[in-house]
Amino acid sequence: MTFPRRPEVRQDPVSQRWTIIAPERGSRPGAVVRAIPPALVERDDCPFCAGRETMTPPEVYARRPPGSQPNRPDWRVRAIPNRFPAVRPDVVPGHDEIDGFTHVAGSGWHELILESPEHVVSLTDVSAEQAAEAGLAYRDRFRFVRHDGRSAVALLFKNVGAAAGASVEHTHAQLIALPLVPTFLAEELRSTAAYRTRQGSCLFCDLIERETAGGRLVDQTERFAAFVPYAARVPYEVWVVPLRHAAHFDSCDDDESLALGQFLRSVLMRIERVAHRPAYNLVWHTAPFDTASDGAYHWHIEMVPRTTTQAGFEWGTGFAINPLPPEEAADRLRSAWEESP
Ligand SMILES: [Zn+2]
Ligand SMILES: [Zn+2]
Ligand SMILES: [Zn+2]
């Protein structure tokens, strides 16, 4: 298969962001991948390993065998409050304006979800069953903050590898529930609502129809599709989108949550195989709790491998420069198992 080699500036239909697809840039000096450590490494001092439960705040949730006691070592997935929280549940909600500056009280939740009792680094390093159970835990913690009622929205994300911002190596996700809607989400809510008004349909449902029939599809199951977005910001950026239209991730039933965990693991395996186990971020995009479940928004997950470095141009303009055409990235990810290791 051949792919265009000329620079092209593409606009993402959801975020409205622009990306310069510049194939020549890939061969310049310094285009390096920041790899993450191998699957299983020994760490004597890791607070997230089973057996060191006293080194973390008491758990708020765990998946354990029947009869097992909280904060004992036989957990499979465990959620704990972040010791260094960005927002806190004991802060009284509110907002104020002083001298023309607006501030909102930092009330909310900041938790860590540990997806493995063993010291592994990536979601690909756990078994398929373990990844499925992590999917269930993610969903359960979202439901918890929704029912708690004091937050407007929750964000779930994973930082894997130092280059992706991970300060602790042991695989974990972070859940942050916030009192206000982040700018990127406000923009996505706006663009999906505008699309629905204009076209009478959901932007993501229409994207799924196009992408599952086109050259950017990476993988598909009966519940989810994974594709490289048209204006991918970095090589091997992938979006995972549920085929069922839903605004909120926490609307997933048990089967969908289990299937999601497994699907994330298998798509990440393709990325790690083709991009040589890069550092990466996963970010859940899901509607604020108070929006209608059948609204114009469609939840999804963005996978962003740290395969390039953001420099002055990217920070200054908000434009990304991606040296790998999305169609070529998808082609490589589809045939990940045929490539030599
Ligand atoms: Zn550990
Ligand atoms: Zn939809
Ligand atoms: Zn998004």
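For the reader, a short list of remarks on this structure follows.
- For the pair A193 and R150, a Förster radius of 45 Å applied to the C-beta separation gives a FRET efficiency near 0.95, rounded to the nearest 0.05.
- Per-residue Karplus couplings for the stretch 43-57, computed as 6.51 cos²θ - 1.76 cosθ + 1.60 with θ equal to phi - 60°, are listed in order as 9, 6, 10, 6, x, 8, 6, 4, x, 10, 4, 6, 7, 10, x Hz, Gly and Pro entered as x.
- Take every Cα pair under 8 Å whose residues are at least 6 apart in sequence, average their separation, divide by the length of the stretch 120-203, and the relative contact order is 27 percent.
- Highest GNM mean-square fluctuation among R196, R78, R141, for the chain modelled with Cα contacts below 10 Å: R196.
- Global form of the stretch 174-214, assessed from the alpha-carbon gyration tensor, a/c cut-off 1.5: oblate
- Most to least accessible of M269, M303, M55 (protein chains only, probe 1.4 Å): M55, M269, M303
- Rolled with a 1.4 Å probe across the full set of protein chains, the surface gives R5 an accessible area near 130 Å².
- Of the listed residues H170, H245, the order by accessible area with a 1.4 Å probe, largest first, is H245, H170.
- Across the stretch 192-317, Cα pairs under 8 Å and at least six residues apart give a relative contact order of 29 percent.
- The residues of the chain expose, per residue, 46 Å² of accessible area to a 1.4 Å probe.
- Structure remark: mean-square fluctuation, Gaussian network model of the chain, C-alpha springs under 10 Å; the largest value among S167, S251, S116 belongs to S167.
- Each of Y195, Y230, Y280 has its accessible area taken with a 1.4 Å probe; listed largest first, they run Y230, Y195, Y280.
- Shape of the stretch 122-221, Cα gyration tensor, a/c cut at 1.5: oblate
- Separation of alpha-carbon centers, the stretch 213-244 and the stretch 133-180, rounded to whole Å: 22
- Among I98, I21, I208, residue whose mean-square fluctuation peaks in a GNM of the chain (springs only between Cα atoms under 10 Å): I98
- The chain, relative contact order [Cα under 8 Å, separation at least 6], %: 22
- Between amide H atoms placed 1.01 Å from N, distances below 5 Å from A62 occur with A79, all of them 5 or more places distant or on a separate chain.
The values are calculated or read from the model by the stated rules, or taken from the named source; none is laboratory data. On a predicted model such as this, the values are computed, not experimentally measured, just so you know. So basically every Cβ, Gly included, is an ideal-geometry build from the backbone, and we count neighbours across all protein chains shown. Accessible surface areas use protein heavy atoms only, side chains included; no ligands, DNA or RNA. Shrake-Rupley method; radii C 1.70, N 1.55, O 1.52, S 1.80 Å.
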